[in-house]
Amino acid sequence: MTDIGFYHLTRSGLDRALPQLLQKTLQAGKRALVVLGSEERVRWYNDHLWTFDNPSWLPHGTSQDGDPDMQPVWIDVSDENPNKAEFLFLADGGASERVGEFERCFDLFDGRDDDAVADARARWKTLKDAGHDLTYWQQGDRGWEKKA
């Protein structure tokens, strides 16, 4: 069964939290699929992951780059899994009907955006009603804190 975690961003934005979680994913020897809500966001994160923490960068690619099997992190608007990722990241309006095909799913949402919070609650209810086990994480003073 997929471990599904909802990650409530309250202290930093997605632009800081996502690269950190992706770094931990790669350190764990896992591959990631990041599904975003628009091609514009895919392009933005594609650029951002090269420069977010100079001199660090995250190896990644998009459909523009090709060779998904060579990419440990794949960023797309589709939930196809061309890089055979074990971890799925959903953010910025990204959605998936394939959550159950992954080892872990990270649903990241901005706590300062009322619409994003409402959407996350709806996703939580849908997944809970479908029988999935869910956890809820919130950013705290010392990092992510498990709340439920």
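None of the figures in this text is laboratory data; all of them are computed from the coordinates on show. All values reported here derive from a predicted model rather than from experimental measurement. When we count neighbours, we look across all protein chains shown, and the Cβ atoms used for this are built from the backbone with ideal geometry, even at glycine.
Can you grab the distance from the C-alpha centre of region 1-33 to the C-alpha centre of region 46-115, Å, no decimals?
For region 1-33 versus region 46-115, the Cα centre distance is 9 Å.
If I fit a long axis through the Cα atoms of helix 39-51 and take the longest principal axis of the Cα atoms of the chain, what angle between them do I get, 0 to 90°, rounded to 10?
70
Among 23, 148, 36, whose Cα projects farthest towards the positive end of the dipole of the chain, with charges put on the beta-carbon of Lys, Arg (+1) and Asp, Glu (-1)?
So the residue furthest toward the plus end is 148.
Based on the alpha-carbon gyration tensor of region 1-59 and its eigenvalue square roots a ≥ b ≥ c, which shape applies: rounded if a/c is under 1.5, prolate if not and a/b is larger than b/c, or oblate? Mind showing how you got there, number by number?
On the way: a/c = 1.38, a/b = 1.19, b/c = 1.17.
Verdict is rounded for region 1-59.
Taking the Cβ of residue 75 as the centre, find all other residues whose Cβ is under 10 Å away and add up their charges (Lys, Arg: +1; Asp, Glu: -1).
Surrounding charge for residue 75 is 0.
Once the piece of chain linking residue 50 and residue 38 is laid out straight, how much longer is it, given 0.36 nm per residue of separation minus the C-alpha distance between them?
Contour length minus the Cα-Cα distance gives 2.4 nm.
Send over the per residue convex hull volume for region 39-90, Cα only, as a whole number of Å³. Could you put the intermediate results ahead of the total?
Details: hull volume 4.3 nm³, N = 52.
Normalising the Cα hull of region 39-90 by residue number yields 82 Å³.
Mind pulling the angle between the C-alpha long axis of helix 114-129 and the longest principal axis of the chain? Nearest 10 degrees, somewhere in 0 to 90.
Compared with the principal axis, the helix lies near 80 degrees.
222 nm [θ] for the chain, helices only, -39500 (n - 2.57) per DSSP H run of 4+, per residue, to 500?
-9500 deg cm²/dmol
Cα axis of helix 14-27 to longest principal axis of the chain: angle in degrees, 0 to 90, nearest 10?
The two axes meet at around 70 degrees.
For region 3-146, state what percent of all Cα-Cα pairs lands in each successive 5 Å bin, counting from 0 Å until the bin that includes the largest distance.
All Cα pairs considered, the percentages come to 2, 10, 20, 24, 23, 14, 6, 1, 0.
Near residue 40, within a Cβ-to-Cβ distance under 15 Å, what is the net charge of the other residues, with Lys and Arg +1 and Asp and Glu -1? Walk me through the numbers before you get to the answer.
On the way: positive: 41, 43; negative: 15, 39, 47, 76, 92.
Overall, the nearby charge balance is -3.
Which of the three applies to region 88-148, rounded, prolate or oblate, going by the alpha-carbon gyration tensor with a ≥ b ≥ c and a/c under 1.5 meaning rounded?
Prolate is the answer for region 88-148, as a/c is 1.5 or above and a/b outweighs b/c.
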